[in-house]
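Below is one structure; the comments refer to it alone.
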Amino acid sequence: MRATNQQTLISAVFEAAERAKNDLTQLVPDLDRDRAEYAVASVLLEEAWVAQR
């Protein structure tokens, strides 16, 4: 995977993670926003790397 493709993927993942974080924290207001976003981004990136193999 080329660097530009990787950057595009990473940007898309973090945009999706931010949207998910906003939805999750509306459902669970006490949720740590930064940790929720990081957790979602981690899962999405792992899935993306596995799919690229």
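Counting only residues that are over 29 Å from Q52 (Cα atoms) and of a type in the set (S, T, N, Q), region 10-41 holds 2 of them. Taking residues in region 27-43 that are among the hydrophobic types (A, V, I, L, M, F, W, C), and partners anywhere that are assigned to a loop (DSSP other than H, G, I, E, B) and open to solvent by 70 Å² or more (accessible area, probe 1.4 Å), the pairs with Cβ atoms closer than 9 Å and at least 6 places apart or on different chains are A36/V28.
The values are calculated or read from the model by the stated rules, or taken from the named source; none is laboratory data. Bear in mind the structure is a predicted one, so any value in this text is a computation, not a measurement. Backbone-built Cβ (ideal geometry, glycine too); neighbour counts: all protein chains shown. Areas reflect the complete protein model, heavy atoms only, side chains present, ligands, DNA and RNA absent. Shrake-Rupley method; radii C 1.70, N 1.55, O 1.52, S 1.80 Å.
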